[in-house]
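Computed from the coordinates by the stated procedures, all read-outs in this text should not be read as laboratory data. Note that this is a predicted model, so its numbers are computed, not measured. Positions of Cβ are generated from backbone atoms using ideal geometry, with glycine treated the same way; all protein chains shown enter the neighbour counts.
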Amino acid sequence: MLALLCSSFALAETKDGAKDGDLKTEIKEYIAHHLQDSYDFSLFSYTNDQGEHVYIGLPLPVILWDNGLKLFSSSKFHHGETVANVDGNYYALYHNKIYKTDAAGTINYDEDHHATNSKPLDLSMTKSVVSMLLVFAIMFFLFKNLAESYAKNGGIASGVGRFFEPIVLYVRDDIARPNIGEKKYKKYMSYLLTIFFFIWFLNILGLTPLGVNVTGNIAVTFGLALLTFLITNLTGTKDYWLHIFDPLGSTMAWYAKVPLYIILIPIEVLGIFVKPFSLLIRLYANMQAGHIVLMSLIGLMFIFKSWLGSPLSFGLAFAISLIEILVALLQAYIFTMLSALYFGFAAEEHEHH
Amino acid sequence: MAAALFFLIEHLTDMEKLIEEFSFGLFIWQTLIFLGLLLMLAKYAWKPILSAVEERENTIKDSLEAADKAKADMEAIQADNKRILKEARAERDALLAEAKKASTQMINDAKDAAKTEADKVAAAAQEAILQEKNAAINDIKNQVASLSIDIAQKVVQGELADQKKQEQLVEKLVKAIEIN
């Protein structure tokens, strides 16, 4: 929050003399920029007396595959202000994507104003990747410690693990067991626990002044939902597939089922894809929207600039932050819960049909 | 939530933008990082944590069962103790009663024996006294007789000088003998 405030403050100050319209546009652009992934880990930026943008933060490695591996620091882009020259190839940032350009950084457009320059395969370590690696390190350290504390402390968790152990047990007893069933829940536990804490920690990290928006990124939620989709369908039992391709079973003669199944089976098959798709959109939209609302309210402070409006929007932003902390947990819970529910469908085995 | 819905609708009508936002590189990184985390945590964290917790739960369950069993055992032992105590008390009471009876018997026996002995002694003493008395009486009688004879001799010697007196004496003597 602090860094956001600082940066917004700096932003407001530089535009003091400018029109309100410009300020609004700048805030809008700032929010849009924040919501996207970034090639460098910038904490905040300001414009100095000479009118130059000054960025405080870390440049990150850019990894491109363009007829061979191209590895260079994102500082070569100077935050999109210059063209990076790597071994005689020129790359420019345009709308937060890397395009191959000429030395002048010319971007060609088609009639819809889309860039037509070729895009090299981009595997850069972006801000989101670094954030995920951070969460990787935190989670690995935290839960390995918890696991080791049992042996050291006579079967009882010690330290910060005492806080996390009940949550682990909650995932087991209130998410996995009732949805998947006593017989099969164990093989899904690792995935459910990892995804729960991964999403939760990333959501919380998104509320810190680091200003990352990982779970509000469609590529990340797509990746998570894809895994749920794969696990659901790869562990699906005969009953699960039977439920999709023969939902009525032996309750009806085959000739009666044929016309029904022309409609039913496509719906069921669509359902396989809709379920994980709802997961990815729900998480993405909730986190994205939370960040938009929060940053808009912070931005409002600098638009109002009055003794009433600014404290009011500060209070609102504060209240929304508190709600967002809850949402961070809630979204992790919902994602895990629904994944468990889908695994439960996949793992079901029954006598009838 | 309303904001989320609004945002969702806005974005769904603009799928192109959503797809444009999709970064393949980030997707690859995310999948790699997540799978790596999943495998590492499964091996080094979740498995040990869940087995430790399960083990602890089983220990608690076993301990509770053992405690219940111990309680039942304890109760059985206590009941046993009570029974044994009761039996011991009864036995002690019986022993005491018997002892009392025996002692009373003994005392009575002793009393009887003592009484018999005492009676015997008393009887013997009485007999001895009687014998002594008879002996003494005989002795006295003999002495009195000899004294009487002596006296009579002397008196007779004096009296016999006179006829009348002789007769009187005889008469007197005879009287006296009659008294005896």
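Summary table
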read-out: Positive minus negative residues near A:Leu260 (Lys, Arg vs Asp, Glu; Cβ under 12 Å); value: -1
read-out: Additional length obtainable on full extension of the chain from B:Asn134 to B:Gln166, 0.36 nm per residue less Cα span; value: 8.1 nm
read-out: Volume of the Cα convex hull of segment A:193-287, divided per residue and given in Å³; value: 102
read-out: Anisotropy class of segment A:104-152 from Cα gyration tensor, a/c 1.5 cut; value: prolate
read-out: Label point distance in nm, B:Ala152-A:Ala32, each placed 7 Å from Cα along Cα→Cβ; value: 18.7
read-out: For chain B, built as a Gaussian network whose Cα springs stay under 10 Å, the top-fluctuating residue of B:Val53, B:Val170, B:Val121; value: B:Val170
read-out: Exceeding the 30 Å Cα-Cα cut-off - candidates A:Lys24/A:Lys275; A:Lys187/B:Lys61; A:Lys186/A:Lys275; value: A:Lys24/A:Lys275
read-out: Sum of -39500 (n - 2.57) over DSSP H runs of 4+, divided by residues of chain B (222 nm, nearest 500); value: -33500 deg cm²/dmol
read-out: About the Cα centre, charge dipole magnitude for segment B:22-179 (Lys/Arg +1, Asp/Glu -1 at Cβ), debye; value: 500
read-out: Cβ charges +1 (Lys, Arg) and -1 (Asp, Glu), total dipole of chain A, debye; value: 960
read-out: Additional length obtainable on full extension of the chain from B:Lys120 to B:Gln143, 0.36 nm per residue less Cα span; value: 4.9 nm
read-out: Taking A:Trp254, B:Trp29 and counting other C-beta atoms within 10 Å, the order from fewest to most; value: A:Trp254, B:Trp29
read-out: Range in chain A, longest, excluding exposed GluC sites (Glu not before Pro) [loop by DSSP; at most 13 other beta-carbon atoms within 10 Å]; value: A:183-348
read-out: Three-way shape label, segment A:150-246, alpha-carbon gyration tensor, a/c 1.5; value: oblate
read-out: Two-decimal log10 I(q)/I(0) for the protein assembly as shown, as the Debye equation yields it once each C-alpha is a single scatterer, q = 0.05, 0.08, 0.13 Å⁻¹; value: -0.41, -0.73, -1.35
read-out: Computed [θ] at 222 nm, deg cm²/dmol, chain A (DSSP H ≥ 4; -39,500 (n - 2.57); rounded to nearest 500); value: -20000 deg cm²/dmol
read-out: Separation of the A:Thr208 and A:Phe140 label points, Cα + 7 Å toward Cβ, nm; value: 1.7
read-out: Degrees between helix B:24-41 axis and first principal axis of chain B (Cα, 0 to 90, nearest 10); value: 20
read-out: Label-point separation, A:Asn48 to B:Ala90 (7 Å along Cα→Cβ), nm; value: 10.7
read-out: Of A:Lys28/A:Lys305; A:Lys28/A:Lys119; A:Lys70/A:Lys100; B:Lys111/B:Lys133; A:Lys76/B:Lys17; A:Lys127/B:Lys47, pairs whose Cα-Cα distance is over 22 Å; value: A:Lys28/A:Lys119; B:Lys111/B:Lys133; A:Lys76/B:Lys17; A:Lys127/B:Lys47
read-out: Cut-off 13 Å between beta-carbons: net charge of the residues surrounding B:Leu95, Lys and Arg +1, Asp and Glu -1; value: 0
read-out: Rg to Rh quotient for segment A:128-347, alpha carbon positions, Kirkwood Rh; value: 1.09
read-out: Dimensionless Rg/Rh of segment B:22-179 - Kirkwood Rh, Rg from C-alpha atoms; value: 2.07
read-out: Positive-pole candidate from A:Ile263, A:Phe273, A:Gln288, dipole of segment A:227-310, charges at beta carbon; value: A:Gln288
read-out: Segment A:61-124 - Rg over Rh from alpha carbon coordinates, Kirkwood radius; value: 0.94
read-out: Mean separation of Cα contacts under 8 Å, 6 or more apart, over the residue count of segment A:128-347: relative contact order %; value: 31
read-out: Computed FRET value (nearest 0.05) for A:Leu322 with A:Asp87, which takes r as the C-beta separation and R₀ as 41 Å; value: 0.25
read-out: Mean Cα-pair separation over length for segment A:100-175, i.e. relative contact order, pairs under 8 Å, 6 or more apart, %; value: 15
read-out: C-alpha long axis of helix A:161-170 to longest principal axis of chain A, angle in °; value: 50
read-out: Acute angle (nearest 10 degrees) that the helix A:2-14 long axis makes with the longest principal axis of chain A, alpha-carbon atoms; value: 40
read-out: Cut-off under 5 Å, modelled amide H: who pairs with A:Leu121 long-range; value: A:Trp65
read-out: Selection from B:Phe27, B:Ala88, B:Ala67 lying farthest towards where the dipole of chain B points positive, charges on Cβ; value: B:Ala88
read-out: Relative contact order for segment A:61-124, counting Cα pairs under 8 Å that sit 6 or more residues apart, in percent; value: 31
read-out: Amide proton proximity set for A:Tyr90, modelled H, under 5 Å, gap of 5+; value: A:Thr101
